[in-house]
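I have placed the structure first, in the form of structure tokens, so that the comments after it can refer back to it.
The values are calculated or read from the model by the stated rules, or taken from the named source; none is laboratory data. Quantities reported herein were computed from a predicted structural model and do not represent experimental measurements. Here the Cβ positions follow ideal geometry from the backbone for every residue, glycine too, while neighbour counts run over all protein chains shown. Note: areas computed on protein heavy atoms with side chains; ligands, DNA, RNA excluded. Shrake-Rupley method; radii C 1.70, N 1.55, O 1.52, S 1.80 Å.
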Amino acid sequence: EWDGDEPDDEAEDRDEFGEEDEPDEDFDEGDYGTSTMVKMCLFYESPAGHARSDPIINQICPSDHVHTFYGPLYFHPKTSYEDLRDTPGRLSTAPYLENQSLYWHPTIYQVVENQDNTRTYILAPNLETGPYYRWDNTVLPRTEAFPPGFRMIAHSSDIGAGNGEVGSGTNLGTECCNFVNGEEDYEEWASLNFPQSTCDFLGIWFSMPTCWDGVSLGDDNDHKSHMAYTTNGAVAGPCPDGFDHRFPQIQLFIRVGDYKGGKYQLSDSSEDFHVDFFNGWKEGSLQKIIDNCQPGEGGGFHPECTCTPEEGVNEFLTTNEDVASPVCAADVRDLIVDEEIDYITALPRGTCQGPDLTPRFWTTLSDDLLDCQQSPNIFTPSPLPPASQFVTQAPRDSLSSAASLMGACVTILALPIALSFLF
């Protein structure tokens, strides 16, 4: 449980639970441009790796299914806040040094139906992610930073998760984007969906809850019940009774480049999407951003991104100039679980089932533990079987340009500026 202690520079003007003084009664929305919503966009060009590991749920054996991680290369189940916070940039895929939080979700697999009625499960390549942080300093309770050691899990089936601010009101969505003759062609769903058609990129987004009970760090319960969505689904909406603290909303947006169409699925074979967050912000860094970063132009849920050097704001975050490559398959097998997870005929499943977890035998992760950390292609697959062994995949469908829930799709290469206007 959180004891309420904060660094001195954060504790000023707060009570023992982190409450700040009420917003200024003379606050003028014009002082913040055309919106009071602040949006900070963080772009990860690759995952940290994939493994049957879950540092939140189980620290002693393999998790139920494979997860894909972003941020520090620390994703052994026995990982602490201190491990994450102190990760050097060269051992993290995080774009900024101050934020070494770990984000993860069920791994996305392409499923190939073979002509002999077997299946081949292939890790979806070309993954990027963009955690978007949103908050509004004009409402109570005031937004505060995640405390050290904080963690949470959110499922799309959780109470309140179906009520959000995207499109017709959702926290989960999927988008298939194509670019035809210089024009955008897209289709979106207010749910998790793996379309049969090919996409220049497939986007999946999910927003986590923001209201906190002020007591549990998520390490002594079901990792979910200490958090709740606002009563109306809005970032600035009221928090329910018993949840009188507010954190920034984290919306994780995952992009699968060169999506092949056909059959894809999650590693847990579920349509109930979930995201895990383990706080790794250096103490004081996020609160400084929350208190001082100004909203960008635009209104509602989609103001322009701000707060980062990419947007010309250099006072809060330090760019990671030595971003790590993901942990390769061989190193995952040596350091976490010795099992194949790519180009396989059955998905590894079952908590504490299969190979034993490799005990954490190191104190601090270091370069000499990672034999192929700098390899350009981390999960180098075995060669595909001959094409004649595969059932023909679905052709590219013509996608309708119906009204988009998120605005419109943009090229996956146009990061980070173009995406800042959309999500």
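Quick notes on this one:
- Checked against the criteria, E297 counts as open to solvent by 20 Å² or more (accessible area, probe 1.4 Å), more than 30 Å from I341 (Cβ to Cβ), modelled with pLDDT under 95 and out of contact with any strand residue (DSSP E or B) (no Cβ under 8 Å at 6 or more places or on another chain).
- Considering residues of region 123-157 that are β-branched (V, I, T) and within 21 Å of the chain's Cα centre (by Cα) only, the residue surrounded by the fewest Cβ atoms within 10 Å (Cβ to Cβ): I153
- Selection of first residues in region 315-337 that are within 15 Å of S92 (Cα to Cα) and among the charged types (D, E, K, R) and of second residues that are in a helix (DSSP H, G or I) and open to solvent by 60 Å² or more (accessible area, probe 1.4 Å), restricted to Cβ pairs under 7 Å at least 6 apart or on distinct chains, gives the following pairs, ordered by first then second residue: D322/R90.
- Qualifying position, being touching a Cys at 6+ places or on another chain (Cβ under 6 Å), modelled with pLDDT of 50 or more and open to solvent by less than 60 Å² (accessible area, probe 1.4 Å), among C372, C352: C372
- Members of region 142-170 that are at pLDDT below 95 and not aliphatic (A, V, I, L, M): G162, N163, G164, E165, G167, S168, G169, T170
- Condition check for V323: buried (at least 18 other Cβ atoms within 10 Å of the Cβ) and assigned to a loop (DSSP other than H, G, I, E, B): no
- Pair list, Cβ under 9 Å, 6 or more apart: region 340-357 residue free of Cβ contacts under 8 Å to residues at least 60 places away in the same chain, other residue open to solvent by 70 Å² or more (accessible area, probe 1.4 Å): E340/R333
- A residue that is outside any loop (DSSP other than H, G, I, E, B), open to solvent by 40 Å² or more (accessible area, probe 1.4 Å) and touching a residue at least 12 places away in the same chain (Cβ under 8 Å) occurs nowhere in region 231-251.
- Elements of the type strands (runs of 3 or more DSSP E) sitting completely within region 93-211 and holding at least 1 residues that are in contact (Cβ under 8 Å) with a residue 12 or more places away in the chain and among the charged types (D, E, K, R): these cover 108-113, 119-123, 127-136, 151-155, 172-180, 183-189, 199-207.
- Single residue of region 102-117 satisfying the filter (out of contact with any Phe, Trp or Tyr (no Cβ under 9 Å at 6 or more places or on another chain) and at pLDDT below 95) that is least open to solvent (accessible area, probe 1.4 Å): D116
A quick yes/no check of all residues on (1) open to solvent by 10 Å² or more (accessible area, probe 1.4 Å); (2) farther than 30 Å from P195 by Cβ:
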| residue | (1), (2) |
| --- | --- |
| I57 | yes, yes |
| E82 | yes, yes |
| Q100 | no, yes |
| Y121 | yes, no |
